[in-house]
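What follows is a short report on a single structure.
The values are calculated or read from the model by the stated rules, or taken from the named source; none is laboratory data. Only a predicted model underlies this, so the values are computations on that prediction, with no experimental measurement involved. A quick note on method: Cβ atoms are made from the backbone with ideal geometry, for glycine too, and the neighbour counts reach across all protein chains shown. For accessibility, only protein heavy atoms count, side chains too; no ligands or nucleic acids. Shrake-Rupley method; radii C 1.70, N 1.55, O 1.52, S 1.80 Å.
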Amino acid sequence: DILANYQGTALLEKQLSQKLGISRCIVLPGNADKQYRVVDSFGRRLNQLLGSILPVGQSMISVTGGSTLARVARNLSPDLSKNRQLVFVPARGGVGESVTIQANSVCAEMALKTQGQYRAMYLPEDISEKSFESLQKETSIKSVLELIYRSNVVIHSIGTASIMADRRNLSEKEQSIVDNGNAVSEAFGDFFDRSGKLVYKVPRIGLHVQDLDKIEHVIAIAGGQSKAEAIQSYMKNAPHHTVLITDEGASKLILRDN
Ligand code: BG6
């Protein structure tokens, strides 16, 4: 029975990777919408995955914020720092969100749990183009940005567009672009519709989806039936080498949908 279960999951993971057009999917039991412990299991699985892919020596790990990653972070462990120096950096500016789920906080928690280090970047995400230009030249920001661009790992989540439009405090005008464009997913401040078309880009500092091509390991974590559509939409833009950690709840819906 255990074997049948294992084979069933392996098949599900393969079908999902093919459907999403990415190199690998890891599917865990349950539905994150209903059970928080499913998100804890994403964290433990991430810990294992990092343990198997991170080289000896230094790794620069960029992470985004969100409730998924905030919970995932709590499940990392110090065994990851054996023979390694881990430095966690926020993938973007981003004090727009509540403190506990900001990328800065997720970095701090990951560093605490793995006994690694972190660098924070206290910047609003929604800044004007003009301030963006000048801020990029500030030494303290420049040094974190350099670390971000040198990351060998990115860990990010995928959000539901409507929820993210609210959380990112979009102006009425921006909100209507997102609504009228029928955006369903969001990642790194980019909003996409069902077909994967970019609907709106929040002006910001840090990593963009197109930067992911250059990063060796890209790990996306999102689960629950409510995220199925967002995952499908975002993955149309994801680099092929993305590894997705998700659950049965999301996977089964994605595979059912044509
Ligand atoms: C945000 C990230 O903080 O969290 C987004 O910057 C991501 O890229 C989102 O889509 C996901 O949030 P949650 O709460 O659904 O895990």
| task | Heavy atoms only, probe 1.4 Å: what % of the accessible area of the chain goes to carbon and sulfur, would you let me know? | result | 50 percent
| remark: For Tyr200, Tyr122, the accessible-area ranking with a 1.4 Å probe, largest leading, is Tyr122, Tyr200
| query | Within region 70-195, what percent of beta bridges assigned by DSSP are antiparallel, to the nearest 5? | reply | 75 percent
| note | Env charge @ Ala220, Cβ radius under 12 Å, K,R +1 / D,E -1, value +2
| region 1-157, relative contact order in percent, only Cα pairs under 8 angstrom and at least six apart counted | 23 percent
| Can you pull the Kirkwood radius for the chain, inverse mean 1/r over Cα pairs, to one decimal in Å? | 18.4 Å
| message | What distance in nm lies between label points placed 7 Å from Cα along the C-beta direction at Gln18 and Ser98? | response | 4.2 nm
| task | Using the Karplus curve 6.51 cos²θ - 1.76 cosθ + 1.60 with θ = phi - 60°, work out ³J(HN,Hα) for each residue of region 179-187 in order, rounded to whole Hz, and write x for Gly and Pro. | result | 5, 5, x, 6, 5, 10, 10, 8, 7
| request: Using the Cα centre as the reference, give the magnitude of the dipole from point charges on the C-beta atoms of the chain (Lys, Arg: +1; Asp, Glu: -1; all else neutral), rounded to the nearest 20 debye. | output: 520 debye
| task | Calculate, for region 46-95, the solvent-accessible area per residue in square angstrom, rolling a 1.4 angstrom probe over the heavy atoms of the protein chains. | result | 34 Å²
| said: Exceeding 21 Å between C-alpha atoms, which entries from my cross-link table qualify? They are Lys197/Lys227; Lys130/Lys236; Lys19/Lys252; Lys19/Lys201. | reply: Lys130/Lys236; Lys19/Lys201
| request: Quick one: which residues, 5 or more positions from Gly65 or on another chain, have an amide H under 5 Å from its amide H? H modelled 1.01 Å from N in the peptide plane, none for Pro or chain starts. | output: Ala103
| message | Using amide H atoms built in the peptide plane, which far-off residues or other-chain residues are under 5 Å from Ile22 H to H? | response | none
| task | Could you tell me what percent of the DSSP beta bridges with both partners in the chain are antiparallel, to the nearest 5? | result | 30 percent
| said: Taking the Cα centroid of region 141-186 and of region 81-114, what is the distance between the two, rounded to the nearest whole Å? | reply: 17 Å
| request: Between His240 and Asn169, take the C-beta separation as r, use R0 = 25 Å, and let me know the FRET efficiency to the nearest 0.05. | output: 0.15
